[in-house]
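Remarks on the structure that follows.
Computed from the coordinates by the stated procedures, all read-outs in this text should not be read as laboratory data. Note that this is a predicted model, so its numbers are computed, not measured. Note: ideal-geometry Cβ built from the backbone for every residue, glycine included; neighbour counts use all protein chains shown.
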Amino acid sequence: MIGAIAGDIIGSIYEGKPVKHKEFLLFDPRSTFTDDTVLTVAVVEVLLTGGDYQETFRRYHGAFPGRGYGAGFTQWIVSSEALPYNSFGNGSAMRVSPVGWACDTLDEVVHEAQRSAEVSHNHIEGIKGAQATAAAVFLARAGHTKQVIKDYIQSTYRYDLDRSLDAIRPYYMFDVSCQGSVPESIISFLESADYEDAIRNAISLGGDSDTMACIAGAIAEAYYGGVPRDIQAAVFERLDPKLAKTVESFALKYLAYKPMHHML
């Protein structure tokens with residue numbers, strides 16, 4: 001979950017300014033958290049308190065405006081209607097990673113991921129993207145191999161994970177759909193050597209950089225046993241204190257490793 005936030009912050013400066021290589025700066029003064037982080041922490045709050053996803057998303061949007069929310073989500077969040085808008089955007093996947101930590105079984109993960117998605121992203125692909133991401137986080141933190149994770153995601157969600165990043169990169173373009181970005185984000189994790197490499201892989205595709213790094217980073221954190229301390233430090237220097245406090249509460253309750261408490 002901290003891995004997702006780190007990926008968002010690192011990728012924030014490359015959205016709209018794509019890079020097609022891995023030799024880029026991780027952080028600079030412009031690096032900041034976006035809607036990916038805000039809504040991830042909103043999911044954290046729901047999991048901690050048992051609150052309502054829709055109400056919590058609305059409240060967090062109001063508390064942290066102007067953080068890059070998608071047009072469809074913004075229209076939904078400010079409308080008086082409570083109905084989801086059949087989205088298959090990757091917003092459902094970018095915010096779901098805490099579910100992979102908080103649930104005890106894969107069935108619970110899949111169910112809760114759907115609950116977190118369907119209040120807004122009730123299209124089958126929107127739900128699938130959230131479920132695949134949360135399941136990958138759960139399987140990674142449970143100690144399964146990359147092959148097991150890959151096989152499960154391919155067989156269950158029919159994502160093509162047999163492509164290489166080198167084959168994808170030259171032709172890949174900005175895509176905010178779950179079906180056009182979640183598989184590539186998972187491949188970025190599968191080809192990684194460590195947490196930072198997963199982030200660099202995702203951003204190097206030149207797509208929806210913050211969200212793809214958020215998804216890849218979430219899985220990599222669970223698989224590699226945490227986020228490097230220097231990256232944690234840079235993240236919490238940039239994270240709003242209210243968000244950081246909620247992250248700390250979740251980390252103390254659910255994470256298999258303990259982050260840098262003095263940064264929180």
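Observations
- Annotation: the residues Thr32, Thr40, Thr49, sorted from fewest to most other C-beta atoms within 10 Å of their own C-beta, follow the order Thr49, Thr32, Thr40.
- Per-residue Cβ neighbour counts within 10 Å put Arg67, Arg95 in the sequence Arg67, Arg95, beginning with the fewest.
- Contour minus Cα-Cα distance for Thr156 and Tyr85 (0.36 nm per residue): 23.1 nm
- Candidate values [x] 45, 41, 37; [y] 48, 37, 31; [z] 53, 41, 38, label of the one derived for Cα extents along the principal axes in Å: [x]
- Going from the residue with the fewest nearby Cβ atoms within 10 Å to the one with the most, Glu118, Glu196 rank Glu118, Glu196.
- Under 5 Å, built H, 5+ apart or other chain: amide partners of Cys178: Gly89, Asn90
- Hydrophobic long helices, here whole DSSP H runs in the chain with Kyte-Doolittle means of at least 0.0 and Cα atoms spread over 24 Å or more along the helix axis, are found at 124-141.
- Estimated FRET transfer efficiency when R0 is 22 angstrom, pair Ser164-Ala142 (beta carbons, to 0.05): 0.25
- Calculated mean residue ellipticity, 222 nm, the chain: -18000 deg cm²/dmol, from DSSP H runs (n ≥ 4) at -39500 (n - 2.57) each, averaged per residue and rounded to 500.
- Positive-end residue, the range 97-256 charge dipole about Cα centroid, Cβ charges, pick of Ile231, Tyr172, Leu205: Ile231
- Centre separation in Å (Cα based) which lies between the range 137-206 and the range 80-111: 18 Å
- R0 of 30 Å, Cβ-Cβ distance Glu248-Ala71: FRET efficiency to nearest 0.05: 0.40
- Of the trypsin sites (Lys or Arg not before Pro) found in the range 125-214, those that fall in a DSSP loop while having at most 16 other beta-carbon atoms within 10 Å are Arg158, Arg163.
- Under 25 Å from Lys258, Cα to Cα: lysines that are on another chain or at least 8 residues apart: Lys146, Lys242, Lys245
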